[in-house]
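Here the structure is laid out as structure tokens; the discussion comes afterwards.
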Amino acid sequence: MKRIIPKNSKPEDILRAVSVLVRDLTPDKAWSVTIEEVKPRRSDAQNAFLWAVVYPSLLEGSNGLLDGWKAPDLHEYFLGEMWGWETLEGFGRKRMRPIRRSSTMTKTEFSDYIAFIEQKALDMGIVIPEPRYPGEEDA
């Protein structure tokens, strides 16, 4: 069960909402209850811009520096570069993976992530086109 309690709810309204959620739980099972802040996740437009514009622009503009790379490779690389890496060991080998995934980022964090990639692209001499929205005309 999941319930989002609106911002600025009175404490007694929050208590009532939570009690409704738990009142029918059976005592013959163990239960876990978690309360966490709701944070708006990245938007579909942000995600589409990343995958349809940012990564293809990097791959196309790299002048051979990224031959063999694909968009998912770039995604892993930039996540690790921005948020850090952890080393995993298994089967006698070590590998690195990003500490954070983009699926958990807020809209602000995702905007910062895209800006980070755009700066890295500029360092390579690649300009990422600005996002275009329906109804915008060429200037």
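The values are calculated or read from the model by the stated rules, or taken from the named source; none is laboratory data. The structure presented is a predicted model; accordingly, all values stated were derived computationally and were not measured. Quick reminder, even Gly has a Cβ in these numbers, built from the backbone with ideal geometry, and neighbours come from all protein chains shown. Heads up: the accessible areas ignore ligands, DNA and RNA and are worked out on the full protein's heavy atoms, side chains in. Shrake-Rupley method; radii C 1.70, N 1.55, O 1.52, S 1.80 Å.
Pairs, please: C-beta under 9 Å, at least 6 apart or cross-chain, first residue more than 18 Å from P40 (Cα to Cα) and in the range 1-20, second open to solvent by less than 100 Å² (accessible area, probe 1.4 Å) and not small (G, A, S)?
Here the result reads M1/L21; M1/V22; D13/I5; D13/P6; I14/I5; A17/I5; V18/I5; V18/V33, each pair linking the range 1-20 to a residue that is open to solvent by less than 100 Å² (accessible area, probe 1.4 Å) and not small (G, A, S).
Looking at L59 and the list (1) surrounded by 11 or more Cβ atoms within 10 Å (Cβ to Cβ); (2) at pLDDT below 95, which single condition is not satisfied?
With respect to (1) surrounded by 11 or more Cβ atoms within 10 Å (Cβ to Cβ); (2) at pLDDT below 95, L59 is out only on (2).
Given the criteria under 30 Å from N8 (Cβ atoms) and either among the aromatic types (F, W, Y) or open to solvent by 70 Å² or more (accessible area, probe 1.4 Å) (or both), does T87 qualify?
no
Tell me which residues, restricted to the range 65-85, are acidic (D, E) and in a helix (DSSP H, G or I). Please lay out each step first, then the result.
Kept after step one, since they are acidic (D, E), are these residues of the range 65-85: 67, 73, 76, 81.
Matches in the range 65-85: D73, E76, E81.
Name the pairs whose Cβ atoms lie under 8 Å apart, with the first residue in the range 48-64 and closer than 17 Å to S111 by Cα, the second acidic (D, E) and open to solvent by 40 Å² or more (accessible area, probe 1.4 Å), and 6 or more positions between them or separate chains?
V54/E118
Considering R95, R101, which residue is more than 20 Å from K39 (Cα to Cα) and open to solvent by 70 Å² or more (accessible area, probe 1.4 Å)?
None of the other options fit; the residue is R95.
What tally of residues in the range 1-58 results from selecting those that are small (G, A, S) and assigned to a helix (DSSP H, G or I)?
So the count comes out to 6.
Quick check on the range 2-41: of everything there that is of a type in the set (V, I, T) and farther than 30 Å from D112 by Cβ, which residue is surrounded by the fewest Cβ atoms within 10 Å (Cβ to Cβ)?
Among those that are of a type in the set (V, I, T) and farther than 30 Å from D112 by Cβ, it is T26.
Contact list please: Cβ distance under 8 Å, first residue in the range 68-95 and within 17 Å of I114 (Cβ to Cβ), second residue open to solvent by 70 Å² or more (accessible area, probe 1.4 Å) and assigned to a loop (DSSP other than H, G, I, E, B), pairs at least six apart or on different chains.
Every condition considered, the pairs that remain are L79/R101; G80/I99; W83/I99.
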